[in-house]
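The values are calculated or read from the model by the stated rules, or taken from the named source; none is laboratory data. A quick note: this is a predicted structure, and the numbers were derived from the prediction, not measured. Cβ: placed from backbone, ideal geometry, glycine included. Neighbour counts: every protein chain shown.
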Amino acid sequence: MQQAPGQDAQDDSQVLTEVRGRLGHILLNRPRALNALTHGMVLRIAAALDEWAADDAVASVLISGAGERGLCAGGDITALYRDRADGAASAAFWRDEYLLNARLARYPKPVTAFMDGIVLGGGVGVSAHVGHRIVTERSRVGMPETGIGFVPDVGGTWLLAGAPGELGTYAALTGGQFGPEDAILLGLADICAASADLPAIAAKLEDTDPGTVLAEAARPVPEAPLAAQRAWIDACFSADSVEEILARLRSRPEPQAAAAAAELGARSPTALKVTLAALRRARRLPDLEAALSQEYRVSLHALHTPDFAEGVRAQVIDKDRRPQWSPADPGQVPDADVEAYFAPAPHGDLFAAPAENGHV
């Protein structure tokens, strides 16, 4: 494979591109970091898409990840953590990442994503908005942000707000990782294929329409585990507050409900309340772009909060897995603090052109 358009040779080839036949292939190539996205990677993916959109020789695009572990574990959280004092670099990264998510959703040529293995956070953003989304028996898909004091982004609130019943609310608040059947039920993927078949599928995509190729590759999908749990999930997660969701979960007889309550108890109370508000608001928004704009505001606010710093410290930096949230209880999170996350972004809103220094 060759370097993506505009890629600096000293960047260690973290995104590789190749045109084979009529297929443009984008390979995320940071396998030791589970292909976590950097700002440079986002820009190179966007550059490749721009070039191929104008190239009649390229009929469709494929996105996949290098290594055996998965497509992409998300964004480079450590870089965001180090930038939290200022935030300008994070604002620039999120702006370009979210614009890329919107670009993928509206791309003029068919895009296929191999959602094999781990697909979390930003990995969902570069795969779940495209037209052909393939999971495998190895897939673990999710938006785990509440566990680090953050809120689902990259269009995740838009996708999960559209899931059946309250399954999306459950997925967003618990931050769980879901197998292929549940990923399809949640609306994050379309079909399941065997992981071992992906190289052959990629080869067929070089000269055949993706719809035809993927219809042949699709495997029958058993009933999703979440489908059997709809009754208690809908009953509990339809509540209008995190406190009431917890109360309902604790009153249910199902062991899965008790497990969900315990999971929520380990998550950032502030992140839970903001996530619930973001999902409810996303249901009333007109399109993905509006949801991404909302997420941009929320993300920039979250960057400077104590819970984000503490969550990344506990999960990524020190790895003691013992975050000390502040406040420690959802009932102690003021409504005004939640509302502040949705205020205009200090670096300018997502679809407003930034000034040369990154500020507006």
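All but one of (1) more than 18 Å from Glu166 (Cβ to Cβ); (2) of a type in the set (A, V, I, L, M); (3) at pLDDT 95 or above hold for Val316; which doesn't?
(3)
Using the structure shown, decide if Leu62 is part of a strand (DSSP E or B), in contact with a His (Cβ under 6 Å, 6 or more places away or on another chain), modelled with pLDDT of 95 or more and closer than 21 Å to Gly123 by Cβ.
Yes: the conditions hold for Leu62.
Would you mind telling me which numbered condition in (1) closer than 18 Å to Asp86 by Cβ; (2) at pLDDT below 95; (3) small (Gly, Ala, Ser) Ser299 fails?
Ser299 satisfies all of (1) closer than 18 Å to Asp86 by Cβ; (2) at pLDDT below 95; (3) small (Gly, Ala, Ser) except (2).
How many residues does region 200-218 contain that are loosely packed, with under 14 Cβ neighbours inside 10 Å and either touching a Ser or Thr at 6+ places or on another chain (Cβ under 7 Å) or closer than 14 Å to Val135 by Cα (or both)?
Taking region 200-218 first, the residues loosely packed, with under 14 Cβ neighbours inside 10 Å are 200, 207, 211-212, 215-216, 218.
Still in the list and also either touching a Ser or Thr at 6+ places or on another chain (Cβ under 7 Å) or closer than 14 Å to Val135 by Cα (or both): 215, 218.
Counting residues in region 200-218 that are loosely packed, with under 14 Cβ neighbours inside 10 Å and either touching a Ser or Thr at 6+ places or on another chain (Cβ under 7 Å) or closer than 14 Å to Val135 by Cα (or both) gives 2.
Residue under question is Glu68, and the condition is that it be over 20 Å from Ala161 (Cβ atoms), in contact (Cβ under 8 Å) with a residue 12 or more places away in the chain and among the acidic types (Asp, Glu); does it hold?
Criteria met by Glu68.
What number goes with the only condition from (1) touching a helix residue (DSSP H, G or I) at 6+ places or on another chain (Cβ under 7 Å); (2) touching a residue at least 40 places away in the same chain (Cβ under 8 Å) that Met143 does not pass?
Met143 satisfies all of (1) touching a helix residue (DSSP H, G or I) at 6+ places or on another chain (Cβ under 7 Å); (2) touching a residue at least 40 places away in the same chain (Cβ under 8 Å) except (2).
Among the residues of region 123-136 satisfying the criterion of being out of contact with any Gly (no Cβ under 8 Å at 6 or more places or on another chain) and not hydrophobic (A, V, I, L, M, F, W, C), which is nearest to Ser60 (Cα to Cα)?
Gly131
Could you tell me which of the residues Glu310, Glu263 is within 20 Å of Leu160 (Cβ to Cβ), in a helix (DSSP H, G or I) and acidic (Asp, Glu)?
Glu263
Residue-by-condition table, conditions (1) under 18 Å from the mean Cα position of the chain (by Cα); (2) more than 20 Å from Asp96 (Cα to Cα); (3) surrounded by 14 or more Cβ atoms within 10 Å (Cβ to Cβ):
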residue	(1), (2), (3)
Leu279	yes, yes, yes
Leu285	no, yes, yes
Leu292	yes, no, yes
Thr305	no, yes, yes
Pro323	no, yes, yes
Pro344	no, no, no
His347	no, no, yes
Leu350	yes, no, yes
